[in-house]
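Below you'll find the structure, written out as structure tokens, and then a few comments.
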Amino acid sequence: ASERAETGDGGNRNMHADKGGLRVSVKTRLGVERTDEWERIFSIFNRYPISELIVHARTMREFYNGDTHIDTFGEILSRSRIPVCYNGNINTAEQYRSILGRFGDDPHFTGVMIGRGLIANPALVREIRGGDSLDAATLRAFHDDVLGGYLEELSGDTHVISKMKELWWYMGTMFLNAEKPLKRLRKSKTVREYKAAVCEVLRCEIRR
């Protein structure tokens, strides 16, 4: 019983993920404490008909800190029986192309999942495709769409502003010399105050 708890296997070897046409993908990290924990975890994954493994190339303890473990991801890809997708630290078009250039020819490689980088830079996919870099108009349009949705779904300024401030932990990294307006944004208590602070931030220079 203790081994099952440690590995997460649970002994259910009769699971059929594709029964009835249902495809199951699994998102995972390399381990809890250490990167070498992946071998035990993946020995379990390889027993089941999982359609795709999405691997965030850090441990749980690392959270989102530091660089991802690209070499470890490559080792996983070379030994996995399951198609594998890369996730982690894709904040620029160059980072995306680097992963694709290194692993794109491997038959088990399915692609790249982008997470927080796309929240920070809503033009990231456009940049990857060779289009224009992020500008204030693009970020404003993305911001206003999200804000409009929250204003429709949530009641009261406090709830709306709280949700929008979460976005700015990511979007705020795209601006240079924006510390003061971002501080005012974080201190805002009404939608009116919040919108005024957003206008100030959007007048700052965008990081290239």
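The values are calculated or read from the model by the stated rules, or taken from the named source; none is laboratory data. This one's a predicted model, so the numbers in the text were calculated from it and none came from an experiment. Glycine gets a Cβ as well: all are built from the backbone with ideal geometry, and neighbour counts include every protein chain shown.
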Can you tell which of 179, 200, 193 is touching a residue at least 12 places away in the same chain (Cβ under 8 Å) and farther than 21 Å from residue 118 by Cβ?
200
Which one is modelled with the highest pLDDT, of the residues in region 49-82 that are closer than 21 Å to residue 111 by Cβ and of a type in the set (Phe, Trp, Tyr)?
73
Conditions (1) among the aliphatic types (A, V, I, L, M); (2) part of a loop (DSSP other than H, G, I, E, B); (3) within 17 Å of the chain's Cα centre (by Cα) -> residue 99 fails only (2)
Would you mind stating whether residue 122 is free of Cβ contacts under 8 Å to residues at least 24 places away in the same chain and in contact with a helix residue (DSSP H, G or I) (Cβ under 8 Å, 6 or more places away or on another chain)?
yes
How many residues are surrounded by fewer than 18 Cβ atoms within 10 Å (Cβ to Cβ) and in a strand (DSSP E or B) if we restrict to region 86-96?
0
Out of 190, 110, 158, sole residue that is in the same structural domain as residue 74 (by TED's automatic domain parsing) and modelled with pLDDT of 95 or more:
110
So, residue 144, is that one outside the structural domain of residue 66 (by TED's automatic domain parsing), out of contact with any Cys (no Cβ under 8 Å at 6 or more places or on another chain) and free of Cβ contacts under 8 Å to residues at least 24 places away in the same chain or not?
yes
Being touching a residue at least 24 places away in the same chain (Cβ under 8 Å) and surrounded by fewer than 19 Cβ atoms within 10 Å (Cβ to Cβ) is the filter here, so list the residues in region 55-71 that pass it.
60, 61, 64, 70
Would you mind finding the one in 71, 105, 144 that is among the acidic types (Asp, Glu) and closer than 26 Å to residue 33 by Cα?
71
Verdict on residue 75 being in the same structural domain as residue 35 (by TED's automatic domain parsing) and either assigned to a helix (DSSP H, G or I) or touching a Leu at 6+ places or on another chain (Cβ under 6 Å) (or both)
yes
